[in-house]
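Read the structure below first, then the notes.
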Amino acid sequence: MTAVTTQNALATYVVRHADDNVVLGQRLAEYISRAPELEEDLAIGNLTLDHIGVADHLFTYAAKIDGCDLSGDDLVMFRSERDYTNLLLVEQRHDGFDDLIARQFLFDAYQLPFWEALSASNDETIAGIAQRAAKEARYHLRHSSMWMVRLGDGTPESHTRIQASIDRLWRFTSEMFETDALDREMVESGLGVDTSTLRETWESSVDAVLEEATLTRPQDSFQTSGGRSGMHTEYLGPMLAEMQWLQRSQPGMSW
Amino acid sequence: MDASTEFENGQAKFDAIIAADEKIEPRDWMPDGYRKTVIRQMAQHAHSEVIGMQPEANWILRAPTLLRKAILIAKVQDEAGHGLYLYSATETLGVSRDELVGLLHEGKQKYSSIFNYPALSWADMGAIGWLVDGAAIVNQIVLQGTSYGPYSRAMVKICKEESFHARQGYSIMMALAEGSDEQKAMCQDALNRWWWPALMMFGPHDSESAHTAESMAWKIKRKTNDELRQMFIDQTVPQAHYLGMTIPDPDLVFDEETGHWTIGEIDWDEFWATIKGDGRLNRERITHKVKAWDEGRWVRDAATAYAAKQKMKPDKSA
Amino acid sequence: MSYEVPVAPGDKPHEIQFGGGGEHGFPLWEVFVRAKRGLNHTHVGSLHAPDAETAIQNARDGYTRRAEGVSVWVVPSIEIVASDDAESMFEPFEHKPYRHPTFYEIPEEVGQL
Ligand SMILES: [Fe+2]
Ligand SMILES: [Fe+2]
C-alpha cells in the first residue's frame, strides 16, 4: 500500500483529533487487567471504549470527506509515526496508575472544553460527534479528578508519586493550546476550535483540583511540542508497531 | 430451642426449600457442606472470570480494526464485571472478596484451567469467544436454575451479557473462514488448539466426578458434566462445519440412533496436569494478577487514607 | 462443568476462614439501580469502594454498562438491617385471603368493581 495521508484540510483536522483519541485509547488499553482493584478495571474499560469509539467515528468521517479510497481503519493502521498528528501528552508511556491518572486528568481537563466548543462546529457530523464526546469527557474528568484528590491527599507515598507524575507530564501541556495554520483555517471557516481560548478554563479546573488534592502546580516552565507535525517522542513508534502489525502483515484482508 | 432441634428444624426447612425448587437465600440455615460447596464453586467461578481477562487482553492492543478492538475491550471488561457479580454473590455468605483473592494469589483456590492455554493468534480471539464462552454459556444457562439465590441471580445477569461473547467470537471465525488461505489456516489452527480444552471445561466424566451426586442433590448443579458436554458438542459441531472447518477428532461420528455426536477420548492426563498447576501458563496467569495487585497497593492505601481523613473532618455531613 | 474446578485426586479444597486471610480492603456497598424513570431502584449486587463518591462511580462503571440505569444508589452493606425469623414475621400474612380481591365472588351483572 502506498503512503496513506489525507489531502482535504478538514479531513486532516479531524484526523488530528482522532489520533489523540486512538493513541490515548491504546495507552489505556495497555492497562486493562492491571488495575489496583476490580472496580477500577471496569472504569478503565469504559474510558478506553469512549476514546476508541470517538476515534473510530472521527476516522470514518475523515476517510469519507477526504474522498480517497481509504477506510477509517486504513488511516489507523497504515500511517506511520511521522504521519500521526496526536499530541505528545497522549503517547507518553505510563509506568503505573499515577502516570495514568495524571495524564487522564491533564487531558480530560482540556478535552471537555474542547468538545464543548467543537459542538458548535458548522459541520453537523463533527458537531454531533463532539456533543456525544463532551458528555463522555465530563464523566472522564470527574473520574480522574476524583482520583487526583485521593492520591494527592491520601498517603505521603501517593502524594509524592502523583506530584511526580504531574511534574513529569507538565511539559506536554502547552501543546494542547498551540494553534497552527490549519487550526486557524478551521476556526475561520467555523468548523474547528481555537484551542488557545481553552487555556483559561483548563487552568482553572486544573488549579482547583490540584488545590483540593494538596498538590502544587509545577514551576518548571519548559514546554515541548511537535506532535501535530509528526515530531513525536520515541514512545509512539513501538505502540504503532504493535497496533498495526496484524493489518500490515496481511494487508487488504477483511477481519 | 437446643442446638439439635435447631439443626433438625433448619435441615427440614432447607430440604423443603430444595424439594420445592425454591432458592436458598443468604440468611437461611444451610448445611455446612452446602455452604462450603457454594462458596468454593462461586469463588472459583469468579476467579475464572477475572483470570480469563488475560488471554484476550493479550490481543486488545493488536486487534485488526478499531471496531474489533472495541468489541474485545467490551468483552474483556464484561468478564471483569462477571467477576464482580460473582464475588459479590460469594460475599453474601460472609466471606470477604479480599480473602478469596488472597487464596487465589496463594494458589489455594483455583480457576478454570482453560485460561492456562496461550492465545497465539488473532483467530484465538474467535475461538475463545465461540468455544470457551460458548461452553461457559451452556453451563451458565443451566446454572440460572441453581439453588443458591445470589448465585442464580448472578447467572441470570451474566447470561444476558454473555450472549454477545460467543457471537463476536464466531463472527471473527466467519471473517477468517471467508478470507485468504492464510486466514483460513489461522482459523483451523485455533479450532485445533481450543477444541479439546473447551471440552475439558466441563470437567471429568460423571463416573470420575467425586462431588457431582451431592451437588445435584442440593441442586447446586442441575445437569451433570457429561450432559452439559454433550449439549455443547451437539451445538458446536455443525457450527464448525458451517465455517468449513474440521473438528480435530478422527473419531467424531454422528450417532443416527441417539441424534448425538460422539467424540473420541479426552486426554485426561493433560486435564489433571493442568489442574494441578502444570498447564502452559499457570504460573504466568497468577504472577500477572499478583503483580497488578501488589502494584496497586499504594493506590488502595491512598484511597483508604483519604476516606479516613474525610470522616475525621467535622464539617463533612456525608 | 465449566468454570467449576474439579478437585484433583489427592488434593484437599482449602478451608475458608471467614474474616481471616487476605488484606483488609475497601468496605462493601450494596448497589441499587433505577432502570428507567417511573421505576423503583432495585438491588443489583454489591461492590467495594473506599467512600461514597467512589462507590457511586464504581456502580455506574460496573452495573450500568449496557445502559441498565438512569440513577444509582449505594448503601454501605453494614448499614442494611435485615429481618429474621420469616416464619413468625411473614407466614401469618399468608392466611388472610380476604385481603385479596379474588376472595369475593361478585355476580357478573354488578359490573366493574
Ligand atoms: Fe463471563
Ligand atoms: Fe464471556
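The values are calculated or read from the model by the stated rules, or taken from the named source; none is laboratory data. The model shown is predicted, which means the values in this text are computed figures rather than measured ones. All Cβ positions, glycine included, derive from the backbone under ideal geometry; neighbour counts span all protein chains shown. The area values use the complete protein model at the heavy-atom level, side chains included, leaving out ligands, DNA and RNA. Shrake-Rupley method; radii C 1.70, N 1.55, O 1.52, S 1.80 Å.
Just a few scattered comments:
- Within region A:195-224, residues that are farther than 22 Å from A:L151 by Cα and among the β-branched types (V, I, T) have Cβ atoms under 6 Å from residues that are open to solvent by 70 Å² or more (accessible area, probe 1.4 Å) and outside any loop (DSSP other than H, G, I, E, B) in these pairs: A:T224/A:R171, counting only partners at least 6 apart in sequence or on another chain.
- In region B:105-149, of all residues being touching a His at 6+ places or on another chain (Cβ under 6 Å) and within 16 Å of ligand 1 (Cβ to nearest atom), the one that is farthest from B:L72 (Cα to Cα) corresponds to B:Y111.
- Between A:I52, A:I44, the distinction of being buried (at least 21 other Cβ atoms within 10 Å of the Cβ), touching an Asp or Glu at 6+ places or on another chain (Cβ under 9 Å) and either within 13 Å of chain B (Cβ to nearest Cβ) or in a loop (DSSP other than H, G, I, E, B) (or both) belongs to A:I44 only.
- B:I24 vs. criteria buried (at least 17 other Cβ atoms within 10 Å of the Cβ), in contact with a Lys or Arg (Cβ under 6 Å, 6 or more places away or on another chain) and more than 7 Å from every other protein chain (Cβ to nearest Cβ): no
- Residues in region B:31-40 that are open to solvent by 10 Å² or more (accessible area, probe 1.4 Å) and either assigned to a loop (DSSP other than H, G, I, E, B) or not small (G, A, S) (or both): B:P31, B:D32, B:R35, B:K36, B:T37, B:R40.
- Screening B:E178 on (1) at the interface with another protein chain (Cβ under 10 Å from one of its Cβ atoms); (2) within 16 Å of ligand 1 (Cβ to nearest atom); (3) open to solvent by 10 Å² or more (accessible area, probe 1.4 Å); (4) more than 25 Å from B:L281 (Cα to Cα) shows it passes everything except condition (2).
- Residue in region B:54-77 that is within 22 Å of B:V156 (Cβ to Cβ), surrounded by fewer than 24 Cβ atoms within 10 Å (Cβ to Cβ), facing another protein chain (nearest Cβ under 8 Å) and away from ligand 2 (no atom under 16 Å from the Cβ) present: no
- Failed condition for B:S88, given (1) more than 10 Å from chain C (Cβ to nearest Cβ); (2) within 16 Å of ligand 1 (Cβ to nearest atom); (3) of a type in the set (S, T, N, Q): (1)
- Test: residue in region B:99-114 that is within 14 Å of chain A (Cβ to nearest Cβ) and under 30 Å from A:V76 (Cα atoms): no
- Filtered residues of region B:150-162 (kept if away from ligand 1 (no atom under 11 Å from the Cβ), within 12 Å of chain C (Cβ to nearest Cβ) and either under 16 Å from B:W194 (Cα atoms) or touching a helix residue (DSSP H, G or I) at 6+ places or on another chain (Cβ under 9 Å) (or both)): B:P150, B:Y151, B:R153
- Checking each residue in region B:218-236 for being touching a residue at least 24 places away in the same chain (Cβ under 8 Å) and within 21 Å of B:Y148 (Cα to Cα) picks out B:W218, B:K219, B:I220, B:K221, B:R222, B:K223, B:L228.
- Screening C:S88 against (1) closer than 26 Å to B:A80 by Cβ; (2) more than 9 Å from chain B (Cβ to nearest Cβ); (3) at pLDDT below 95 leaves a single unmet condition, (1).
- Checked against (1) part of a strand (DSSP E or B); (2) facing chain B (nearest Cβ under 9 Å), C:F32 passes all but condition (2).
- Residue list for region B:285-304, restricted to those being without any contact (Cβ under 8 Å) to a residue 60 or more places away in the chain and open to solvent by 30 Å² or more (accessible area, probe 1.4 Å): B:T287, B:K291, B:D294, B:E295, B:R297, B:D301, B:T304
- Residue list for region A:120-144, restricted to those being open to solvent by 10 Å² or more (accessible area, probe 1.4 Å), of a type in the set (S, T, Y) and under 27 Å from B:V299 (Cβ atoms): A:Y139
- Residues that are of a type outside the set (G, A, S), away from ligand 2 (no atom under 16 Å from the Cβ) and open to solvent by 10 Å² or more (accessible area, probe 1.4 Å) were ranked within region B:118-141; the one that is nearest to the other protein chains (Cβ to nearest Cβ) is B:L120.
- Scanning region C:88-105 for residues that are open to solvent by 90 Å² or more (accessible area, probe 1.4 Å) and either hydrophobic (A, V, I, L, M, F, W, C) or in contact with a helix residue (DSSP H, G or I) (Cβ under 9 Å, 6 or more places away or on another chain) (or both) turns up C:F90, C:F93, C:R99, C:F103, C:Y104.
- In region B:181-232, the qualifying residues are those that are facing another protein chain (nearest Cβ under 9 Å) and open to solvent by 30 Å² or more (accessible area, probe 1.4 Å), and the one that is farthest from B:Q41 (Cα to Cα) is B:E182.
- Filter result for A:A117 (surrounded by fewer than 20 Cβ atoms within 10 Å (Cβ to Cβ), closer than 30 Å to C:T64 by Cβ and among the aliphatic types (A, V, I, L, M)): yes
- Residue count for region C:57-85 under the criterion of being under 27 Å from B:A70 (Cβ atoms) and within 11 Å of chain B (Cβ to nearest Cβ): the result is 9.
- Summed over region B:147-175, residues that are under 30 Å from B:A20 (Cα atoms), open to solvent by less than 40 Å² (accessible area, probe 1.4 Å), of a type outside the set (V, I, T) and assigned to a helix (DSSP H, G or I) total 9.
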